[in-house]
Amino acid sequence: MKRSIFFHTDEYHHKENINYKPRTFSFKDEKERQPEYWTTQGQNFLKELLNRQENTNKAKNVIFFMGDGMSFATIAATRMYMGGEEIELSFEKFPYIGYSKTYCVDSQVADSSCTATAYLSGVKTNFELIGLNAKAKAGNCSAHTDEENHVDSIARWAQKSCRSTGLITTTTVTNASPSAIYAHMGHREWESDFHMERHNCNSSEYQDIAEQLVYNVEGRNLKVILGGGRSNFLGESSIDEENQKGNRLDGRNLIDEWKTEKSKDGQATYVFDKNGLRNVDIAKTDYLLGLFEHGYMKYNLDVIDKNLQHQEPTLTDMVVTAIKMLQKEENGYFLFVEGGMIDQAHHYGYAEIALDETKQLSEAVEVARHMTDTSDTLIVVTSDHSHVFTYNGQPPRGNDVLGIAKVSDDDNIPYMTLSYANGPGFYVTHDEEGTRINPETYDTTNPFLVHPSLVPIVRDTHAGEDVGVWASGPMAHLFKGHYEQNAIPIIMAYILEIGPYAVDEKCASCAFNPLMFLTIATIFILRIFK
């Protein structure tokens, strides 16, 4: 088809374009029309920069937030979703920002397991590997049995320095991102023996990820574990609290095994819903396991739509309880928090859900910053990778970010502000001949509306551009600049003085050793009665 295009200022369109309308603007404040508004804003920002003092305190605690799949486009669109382009998410108010490169050793565009290994252990690795270096091969059933390929996570470094550790996720606690805290595995999907057997791995010979959470040294020492994924801990003949079956082929109940193991070291509490989490006796609980769903936790908007707010805790609910639990440790703590359903929503083209999940992460970060002190607690917020998600089309100011941007000057059909380079949206936004369907027919009030995509694919893919790193608290200025993703835990370790920067191996001296205690007590008693 021959195209005739002409230009008009910054716009271009077909001569045949239907009823072209000049752009109109919706201002939040009439002051924006005045140049003084913007110059004053810029001067105030400069003043803030000039008055900013670097916090060089030693950190006692680190809270590490990770928005899975949270690209810069996702953050920008979330501002509009929250009410306006000028709005800032809580972590965007942090004083320092850097940029990290997210590729794997063997892949230009990363998955969540190789990135998790990088940002938690300081070592980049191959696609689909967890807690192993790049010498290991993905899909090798026995890859994790070679301890020379193991890499320790920052959680393990913290444990060795007598700090409490915890993890939170809105996916399963055995999913790729959180499992890099405690597991070493040849494939991210081997969350239970069921998944290992599906990949022709003899599960009787090798530990799956759920087993490693219960029995690996890193998993055994976690004080707080909150998220979804009950099915990976229960046998296929077992029924959980929500009448769902487990998937384990070995018939084991790893939740009970966890309770038995942890009861040897202190008071262990298991909860499965919001009410149970709310009623945890923090003072009397040493170890807390919360599994709130059979699989992934529900999207926040799904919880609201189904009126399940009384049942399913929010990310903020989990963060509040975890901080209260970990604050009991006088030596400090390391807490990992994943907003994992941002990624899942993007994979299925649920743009509004992805924005709402990003908003939930922002709220959790804000609460964490209010509950802690910038003098001793470093908070870092980042993403593992981006998505092929675009915020585009030159819509007018104040336009509904979930709606139509403009009319195409090619096919004269309106197009959406938010779309994907690939994904399931192709199937629902094109007819059988591949012609675009007019999005004016879409129900944009449905949060599960699948947004358009260019290439047909069942799930959208990740993208390869850099992601942001925001930091607040002691030595946060070290996160400025542009760096490899694996530098993140190394910087945090330096600030906490753990791992490669540990001043000493405190844990050997401060950890409770029953035999040593009995020996010292016996000597003390003998001296008294000598």
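The values are calculated or read from the model by the stated rules, or taken from the named source; none is laboratory data. What you see is a predicted model, and the numbers here were worked out from it, not measured in a lab. Cβ placement follows ideal geometry from the backbone for every residue including glycine, while neighbour counts extend to all protein chains displayed. To get the accessible areas, we keep the full protein, side chains included, count just its heavy atoms, and leave off ligands, DNA and RNA. Shrake-Rupley method; radii C 1.70, N 1.55, O 1.52, S 1.80 Å.
Taking the average, over residues, of other Cβ atoms within 10 Å as the packing measure, peptides 438-446, 149-157 rank 149-157, 438-446 from highest down. Converting the Cα gyration tensor eigenvalues of segment 152-259 into ellipsoid dimensions via √(5λ) gives semi-axes, longest first, of 23, 16, 12 Å.
Near the amide H of I130, within less than 5 Å, lie the amide hydrogens of M185, H187, all on another chain or at least 5 residues away, with H placed in the peptide plane.
Inter-part distance, segment 114-150 to segment 283-359, computed on C-alpha centroids, equals 26 Å. Counting DSSP beta bridges in the chain, what percent are antiparallel, to the nearest 5? Expressed as a percentage, antiparallel bridges in the chain total about 40.
If the viscosity is 0.692 mPa s and the temperature 37 °C, what translational diffusion coefficient in µm²/s does Stokes-Einstein give for the chain when Rh comes from Kirkwood over Cα pairs? The Stokes-Einstein estimate is 132 µm²/s. Backbone amide hydrogens, once placed in the peptide plane, bring E236 within less than 5 Å of R248, G251, excluding anything fewer than 5 places away on its chain. The H on the amide N of G339, modeled in the peptide plane, is under 5 Å from the matching H of M66, G67, D68, each at least 5 residues off or on a different chain.
Just to check, using Stokes-Einstein with a Kirkwood Rh over alpha carbon pairs, what's the diffusion coefficient of segment 421-482 at 10 °C and 1.306 mPa s in µm²/s? Taking Rh from Cα pairs, D becomes 108 µm²/s.
Among the listed pairs K137/K298; K60/K480; K60/K264, those with a Cα-Cα distance over 23 Å are K137/K298; K60/K264. In this structure S419 has an accessible area near 30 Å², from a 1.4 Å probe over the protein heavy atoms.
Net charge of the neighbourhood of I209, taken over other residues with C-beta under 11 Å away and scored Lys/Arg +1, Asp/Glu -1, is -4.
Heavy-atom accessible area, probed at 1.4 angstrom with all protein chains present, ranks K274, K245 as K245, K274, highest first.
DSSP beta bridges fully contained in segment 195-329 are about 10 percent antiparallel. Both numbers refer to the Cα atoms of segment 396-456; Rg and Dmax are 11.2, 35 Å.
Taking a threshold of 23 Å on the Cα-Cα distance, which of the pairs K58/K359; K245/K284; K359/K406; K306/K359; K259/K324 fall above it?
Working: K58/K359 30 Å; K245/K284 31 Å; K359/K406 26 Å; K306/K359 19 Å; K259/K324 21 Å.
Long pairs (Cα-Cα over 23 Å): K58/K359; K245/K284; K359/K406.
Which aspartates and glutamates have a Cα lying under 15 Å from the Cα of K262, excluding residues fewer than 8 positions away in the same chain? Once the sequence-local aspartates and glutamates are set aside, what remains near K262 is E211, E218, D286.
Taking the Cα centre of the chain as origin, work out the dipole magnitude from +1 charges on Lys and Arg Cβ and -1 charges on Asp and Glu Cβ, in debye rounded to 20.
So the magnitude is around 1500 debye.
Can you pull the percent of Cα pairs in segment 328-405 with separation above 18 Å? Taking all Cα-Cα pairs of segment 328-405, the fraction more than 18 Å apart is 56 percent.
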